[in-house]
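Asker: Let me give you the structure first, and then I'll get to my questions.
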Protein chains: 2
Amino acid sequence: MSTPGAKPPAAPAGQRFVREIPEGDDRPRLICGDCGFVQYENPMVVVGSVATWQERILLCRRAIPPRKGLWTLPAGYLELHESAADGALREAWEEARARLRIDQLLAVYSIPRLSQIQLIYRAQLLSADVAAGPETAELALFAWDDIPWDEIAFPSVHWALGHFQEVRGQATFAPRTNPPGAFGDLPDDSTRRD
Amino acid sequence: MSTPGAKPPAAPAGQRFVREIPEGDDRPRLICGDCGFVQYENPMVVVGSVATWQERILLCRRAIPPRKGLWTLPAGYLELHESAADGALREAWEEARARLRIDQLLAVYSIPRLSQIQLIYRAQLLSADVAAGPETAELALFAWDDIPWDEIAFPSVHWALGHFQEVRGQATFAPRTNPPGAFGDLPDDSTRRD
């Protein structure tokens, strides 16, 4: 995933923003002390895929922080004016030069600490002709038994792989959500440091 | 839905923002001409539900623009640090003082013009004791044949009701997406005017 550890936009540096409850609202917002503009802060949408070629799963070794050197799924932030599925296709292209056919929504994960909603699709590669994009150090198509479980970048990548395996062979299923009690925190909090 | 016609945050008035491609990026962003701060603009997440009480569907008549006076589902923008399901529960409470049990994800709609991703759940009301919140003029529990189809606020409400009916009685289904070729535009573009 391109920058899942990044925080939502904060107040521009040097600007006189204050955090107050606007009239008629029920929670504090960032408000410009000069012009009264309300800077709403919103959750971020991450779109990605568990994409396969002949039963092998495409993973990308991250070339950038956070979690540089670890393996992740092709995924990243949805852009303005983009559908969720189109965003997942774009991320697969940007990170792995991969062309996909999206099958169905595998999971919706919520990472409240990062204010992230992740939409992860099950997809098939249209060819095995893939190549690392600028944010990717290396690509591989892993058979299930060869997945480098100790070198996975994010908890939600673990979840998505597990859920992919759980619904393997099912043509129709309800999308999965966070495992019970799991919120996507990293044990060493390294998404905050990098 | 609370404010689905609202646009994502724009540059604060009176601030020297310019639209340029930051170094290492591939698309224009809003950049402060004074301090270089990059103001990322991101899609908004709308969360909501098709909630029933004894086969009757909860709809809310909007007390506020856009589409004031028309019927909608309890739905609105996801807040920071909130899971998608929690957001749908909160919106049902805010707009209809309704307590729900979420069943499963009914649909993921993308409204590219508004940069919106809508996550609509199938849910059951825990009681028929509902009451209009501040953004709601009136509430009703409609039997399918009594739904006021000519007074529905947004295309995606039409879609969600249709998809709800399509999967009625199904315990497991894949979430629906936009109908083919439909992007959620209103014929009279009234979300922009109000």
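Asker: Tally Lys/Arg at +1 and Asp/Glu at -1 over every other residue whose Cβ is under 15 Å from the Cβ of A:W144; what's the total?
Answerer: Once positives and negatives cancel, what remains is -1.
Asker: With viscosity set to 1.306 mPa s and temperature to 10 °C, compute the Stokes-Einstein D of the range B:39-108, Rh being the Kirkwood radius across alpha carbon pairs; µm²/s, no decimals.
Answerer: Details: Rh = 13.0 Å.
For these conditions, the coefficient is 122 µm²/s.
Asker: Next up: How much of the calculated P(r) for the protein assembly as shown lies past 31 Å, in percent of all Cα pairs?
Answerer: It works out to 39 percent of all Cα pairs.
Asker: So if I place +1 on the C-beta of Lys and Arg and -1 on the C-beta of Asp and Glu, and nothing else carries charge, what would the dipole magnitude of the protein assembly as shown be about its Cα centre? I want it in debye, nearest 20. Intermediate values should be presented prior to the final figure.
Answerer: Numbers: 40 positive and 52 negative charges, 5 e Å.
Value, rounded to 20: 20 debye.
Asker: Using a 10 Å cut-off around each Cβ, can you sort B:I111, B:I147, A:I21, B:I117 from fewest to most neighbouring Cβ atoms?
Answerer: Taking fewest neighbouring Cβ atoms as first place, the list is A:I21, B:I147, B:I111, B:I117.
Asker: Additional query: Go ahead and set up a Gaussian network model of chain A, Cα springs under 10 Å, then flag whichever of A:L126, A:L106, A:L70 fluctuates most.
Answerer: A:L126
Asker: Can you give the average number of partner chain beta-carbon atoms within 10 Å of each beta-carbon in peptide A:43-54, as a whole number?
Answerer: That works out to 3 on average.
Asker: How many percent of the alpha carbon pairs in the range A:91-176 exceed a separation of 17 Å?
Answerer: 57 percent
Asker: Over all directions, the average projected area of the alpha-carbon convex hull for the range A:139-191 comes to how many nm²?
Answerer: The directionally averaged projection comes out at 5.0 nm².
Asker: If you take every residue apart from B:V46 with its C-beta less than 13 Å away from the C-beta of B:V46, what net charge results, scoring Lys and Arg +1 and Asp and Glu -1?
Answerer: Values: positive: B:R90; negative: B:E79, B:E82, B:E91, B:E95.
That sum, taken over residues with Cβ under 13 Å, equals -3.
Asker: ³J(HN,Hα) across the range B:31-39 via Karplus (A = 6.51, B = -1.76, C = 1.60, θ = phi - 60°), whole Hz, x for Gly/Pro?
Answerer: 10, 6, x, 8, 10, x, 4, 9, 8
Asker: Along the principal axes of its C-alpha atoms, what lengths does chain B span, in descending order and rounded to whole Å?
Answerer: Principal-axis extents of chain B (Cα, largest first): 58, 34, 34 Å.
Asker: What is the log10 of I(q)/I(0) for the range A:89-131, computed with the Debye formula using one identical point scatterer on each Cα and no solvent, at q = 0.15, 0.18, 0.30 Å⁻¹?
Answerer: Results for the range A:89-131 at q = 0.15, 0.18, 0.30 Å⁻¹ read -0.45, -0.60, -0.99.
Any read-out appearing in this document is the output of simple, stated calculations on the displayed coordinates, not a laboratory observation. Just so we're clear, the structure is a prediction, and the values are computed from it rather than from any experiment. Please note: Cβ atoms are built from the backbone with ideal geometry, for glycine as well, and neighbour counts cover all protein chains shown.
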